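**Q** Pasting a structure here, questions to come.
Please treat every number below as a calculation from the coordinates, not as lab data. Bear in mind that the values here come from a model prediction, so they are computed numbers and not experimental data. FYI the Cβ positions are ideal-geometry reconstructions off the backbone, even for glycines, and counts take in every protein chain you see.
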Amino acid sequence: MAGGTTKLGHLVAVLATALVLSVSPVAACSPVDFTSMAIVERTRAPVLDALLMAYRDIEISADGTKLSLDGRHWIDVGEIRSVTPNEVLRSATVSEQFLYHYPLNFDLSRRKEPFFDPGRPRNDAFFKALYFDSEDRTRETLVKVPAPGLSEATFWVTRKWGVDCQLRMALQVLAESDEDFSRFFKSPGGAFNWRRISGTSRLSPHSFGIAVDINAELGQYWKWTGANEGDVGAYDNKVPEALVSTMERFGFIWGGKWHHFDGMHFEYRPELILYSRMVLQ
Ligand SMILES: [Zn+2]
């Protein structure tokens with residue numbers, strides 16, 4: 001009997017450990033609300049302050065012209081150049097990532113301005129340093145985030161910078177809302193996908209596991225309208241403000257605010273939300 005009790009005790013201990021291990025990633029998740037977090041007293045250019053607030057491990061050179069994620073490789077912060085919007089899109093400097101101010105409200109009229117695409121200019125070297133430079137390295141960090149109450153589908157995103165935690169909390173808030181958002185998560189477009197942006201040589205943010213596509217039918221995408229780049233017409237938005245603002249709260253910008261609209265697309269870019277709070281308020 002004594003041996004049986006010990007075995008049972010051991011089994012209980014093993015089960016308890018397994019339970020703790022299985023829930024620990026959730027327990028360790030302490031999400032940040034980027035729309036209400038205190039803005040630090042500014043000591044540098046807003047671009048640098050926003051980056052530092054969003055990603056605490058970034059190092060900035062003493063003269064503020066370079067940044068590094070590992071203390072060995074340094075990336076130019078660069079300037080806003082006198083170049084065409086296409087050039088900005090093709091090879092943005094880190095500063096140019098902030099060229100178009102991401103609107104914090106739900107005024108979609110800004111997107112009528114050709115190339116008003118806050119978030120679309122991305123510096124390749126910066127993203128590879130901030131996240132990963134290969135598919136294998138990204139895959140090592142992927143976490144499956146479920147959407148209970150919204151969808152049977154799950155989203156594979158990175159755990160780097162707590163992206164999985166931020167998404168988990170955004171989905172939980174949406175699921176617990178009085179409004180039913182489930183139709184927007186029906187057959188969602190997905191999340192991680194190591195690929196180039198269609199028609200370009202640039203990596204999509206889906207490559208790093210930081211972007212989520214909801215239901216494409218309700219989201220819509222500018223290329224499907226047959227429009228020409230820089231001359232995209234009206235966007236018949238179907239995504240409600242409450243969904244967008246909840247995602248923004250946890251650091252995800254929405255492609256529905258872009259001239260080149262991508263209404264199904266959300267992307268973890270808390271630095272853009274923080275930057276808008278610094279310069280627009
Ligand atoms: Zn997308």
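**Q** Where does the chain land at 222 nm, in deg cm²/dmol rounded to the nearest 500, when only DSSP H runs of n ≥ 4 count, each adding -39500 (n - 2.57), divided by all residues? Could you put the intermediate results ahead of the total?
**A** Numbers: 9 runs with 91 residues, N = 281.
Computed ellipticity for the chain at 222 nm equals -9500 deg cm²/dmol.
**Q** Can you return the lysines within cross-link range of residue 238? Criterion is Cα-Cα under 20 Å, with same-chain partners fewer than 8 residues away left out.
**A** Correct list for residue 238: 112, 186, 223, 257.
**Q** A further question on this structure: Rounded if a/c is under 1.5, else prolate if a/b is larger than b/c, else oblate: which is the stretch 133-212, with a ≥ b ≥ c the root eigenvalues of its Cα gyration tensor?
**A** prolate
**Q** Suppose R0 equals 35 Å. What FRET efficiency, 1/(1 + (r/R0)^6) with r the Cβ-Cβ distance, do residue 238 and residue 44 give to the nearest 0.05? Write out the running numbers ahead of the final one.
**A** Numbers: r = 40 Å, r/R0 = 1.14.
The formula returns an efficiency of 0.30 here.
**Q** What ranking, highest mean first, results for peptides 65-77, 213-225 when packing means the other Cβ atoms within 10 Å averaged over each residue? All intermediate terms of the calculation are to be shown ahead of the outcome.
**A** Details: 65-77: 14.8, 213-225: 18.0.
Put in order of decreasing packing, that is 213-225, 65-77.
**Q** Moving to a separate point now. Calculate the all-directions average of the projected area of the chain's alpha-carbon convex hull, and give it in nm².
**A** Details: hull surface 75.1 nm².
With every direction weighted equally, the projected area is 18.8 nm².
**Q** Relative contact order for the stretch 46-280: what percent, with Cα pairs under 8 Å and sequence separation of 6 or more? Please list the in-between numbers first.
**A** Numbers: 424 pairs, mean separation 47.9, N = 235.
So the answer I get is 20 percent.
**Q** Going by average Cβ neighbours within 10 Å, how do the peptides 247-256, 117-126, 173-182 rank, with the highest at the top?
**A** Packing proxy ranking, top to bottom: 247-256, 117-126, 173-182.
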